[in-house]
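Okay, structure first, notes after.
The values are calculated or read from the model by the stated rules, or taken from the named source; none is laboratory data. Bear in mind that the values here come from a model prediction, so they are computed numbers and not experimental data. Cβ placement follows ideal geometry from the backbone for every residue including glycine, while neighbour counts extend to all protein chains displayed.
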Amino acid sequence: MRRTLFRGRPRGVSIVEALVALAVMAFGMLGIVGIQATLRFNADVAKQRSEAVRLAQQAIEDARSFVQVALPATAGVPNYASLVNQTQVVDPGHGYITNYGAVLPVYGSNTSYTVASRFVASGDAPDSTDPRMKALQVTVSWTDRTGGAQSVVLRTTLARLAPEVAGSVALAADVGADGVPTRWGRGRNPNIPRPAVNFGDGSSGYIPPGRPAGDTTAFRFDNLSAMITLCSTAVASNELLSTSSQLVCTAGKAWPLAGVVNFASAGTAAQAVAPSGAAQVVAVALTQTFPGTGVGAPACYTTPPTTGGASSLAYLCAVPVATRSLPGLAWSGFSYVAGARITGAAGGYSVCRYTAGPPAVTSRGDLVVPAIANFQHPRAYRLVAGPLSSQNFLVVPYDEGGVADCPDGAPLPSGSTTYPQPATAP
């Protein structure tokens, strides 16, 4: 008997089945086309966003490229004071115009960008004409291929520091912080001296250099606030200090007042920026007017001159405060530089302050209420309730013509050194 492989006649694909298959395939192709369109759109937006970020970064670096901070601004010189709000259109036809007039070409852009730079004064009164910091916000906006609005925003802060002295690890301070920089190093308040030994318990110990023989003074800093607890120790140096048990502390509290004393070879602005005079034996002292009693005397230490032509000395004062005074934990007074050659006479030296304050005065009225904030190094401090740093002095040769000149003007970061110190300590 002969067998057959099929019981009936062979059948093909019906037209209905073919149409259904084509419909399914069409829907699949539509999905693939949609994915490709989305990927293309996202790639285009990503390219545009990358270009927008580059333009924003370029605007920030352009703002940082100033080389002068003094007022008034010098024509044609990139100046901190000339950083003002601006908006410009950037495309291949226009290019990017810097703050100082240079035109930078833009290549490969398939849209037009609007770059808006907005500056907000910070660290001084809102109406200050020469703020210590400027907060910068750069907004780059554009329209994508679908007509949708796109934008990126970058923010930064610019400090009023001349490039030649801008190697600072901290930003300029806000008004309410009394000179405390806004960025910390080593996980503690930047007003704590770097050689201070971190005990790991929220405090740091410090033995001030320049202690006279027999002096056992030591300071214990609170790592958060930089407030000092007055202590004593038999340890001779910071290198030998390792634990808080090596300190014998009292209940006395104090705020640090610190800075450097620079020595100039002439009373010129260039010498004020880069002093080259030889350091001398001087001491920074402080006369405290509040609280008047019950807190002890300020403890000030100035590093002695070293061999090798150093032109500056560092100092640190622990200014005691009373916990029950009104206002509490605050002090008032005035600091000065003392030394055998600080005479304010021919052959001697005069003392100036680095300050952003008004010009020098001839009366003693500046000892009553400072015309500028405490952190700006006034002649007299009033109700200081926190640490103060960068309270720097400049020692200049006395003018043979009979005038103790304090240099001012460009290129000084603050614009001037003012308040010549009288020949005798107040």
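Modelled with pLDDT of 85 or more, among the small types (Gly, Ala, Ser) and within 25 Å of the chain's Cα centre (by Cα): does that describe GLY123? No. Residues satisfying the criterion are present in the range 55-68 (criterion: at pLDDT below 80, in contact with a strand residue (DSSP E or B) (Cβ under 6 Å, 6 or more places away or on another chain) and surrounded by 14 or more Cβ atoms within 10 Å (Cβ to Cβ)). Within the range 252-270, residues that are over 22 Å from SER311 (Cβ atoms) reach no partner that is among the β-branched types (Val, Ile, Thr) and assigned to a loop (DSSP other than H, G, I, E, B) with beta carbons closer than 6 Å at six or more positions or on different chains. When restricted to residues that are in contact with a strand residue (DSSP E or B) (Cβ under 6 Å, 6 or more places away or on another chain) and of a type outside the set (Ser, Thr, Tyr), the range 212-221 contains 4.
One line per residue, one yes/no per condition, for (1) more than 17 Å from LEU316 (Cβ to Cβ); (2) in contact with a Pro (Cβ under 7 Å, 6 or more places away or on another chain); (3) aliphatic (A, V, I, L, M):
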{"position": "ARG220", "(1), (2), (3)": "no, no, no"}
{"position": "SER242", "(1), (2), (3)": "yes, no, no"}
{"position": "GLY277", "(1), (2), (3)": "yes, no, no"}
{"position": "ALA283", "(1), (2), (3)": "no, no, yes"}
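Flag not set for SER265, criterion: surrounded by fewer than 19 Cβ atoms within 10 Å (Cβ to Cβ) and part of a helix (DSSP H, G or I). Among the residues of the range 204-232, the ones that are acidic (Asp, Glu) and surrounded by 24 or more Cβ atoms within 10 Å (Cβ to Cβ) come to 0 in all. Beta carbons closer than 7 Å, at least 6 apart along the sequence or on distinct chains, never pair a first residue in the range 130-147 that is within 29 Å of THR38 (Cα to Cα) with a second that is assigned to a loop (DSSP other than H, G, I, E, B) and of a type in the set (Phe, Trp, Tyr). One residue stands out among those in the range 277-288 that are of a type in the set (S, T, N, Q) and modelled with pLDDT of 90 or more: the one that is surrounded by the most Cβ atoms within 10 Å (Cβ to Cβ), which is GLN288. If you go through the range 224-263 and keep only what is closer than 30 Å to ALA346 by Cα and out of contact with any Cys (no Cβ under 9 Å at 6 or more places or on another chain), you end up with GLY259, VAL260, VAL261, ASN262, PHE263. Counting only residues that are more than 22 Å from ARG194 (Cβ to Cβ) and surrounded by fewer than 18 Cβ atoms within 10 Å (Cβ to Cβ), which one in the range 308-325 is modelled with the highest pLDDT? Across the range 308-325, the extreme among qualifying residues is THR323.
Scanning the range 290-300 finds one or more residues that are among the small types (Gly, Ala, Ser), under 25 Å from ASN374 (Cα atoms) and crowded, with 19+ Cβ neighbours inside 10 Å.
Okay, residues lined up against (1) more than 16 Å from LYS253 (Cβ to Cβ); (2) in contact (Cβ under 8 Å) with a residue 24 or more places away in the chain; (3) assigned by TED's automatic domain parsing to the domain that holds VAL351:
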residue	(1), (2), (3)
GLY277	yes, yes, yes
PHE290	no, yes, yes
THR293	no, no, yes
ALA297	no, no, yes
TYR315	yes, yes, yes
ALA322	no, yes, yes
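Scanning the range 347-359 for residues that are modelled with pLDDT of 75 or more and assigned to a loop (DSSP other than H, G, I, E, B) yields GLY347, GLY348, THR355.
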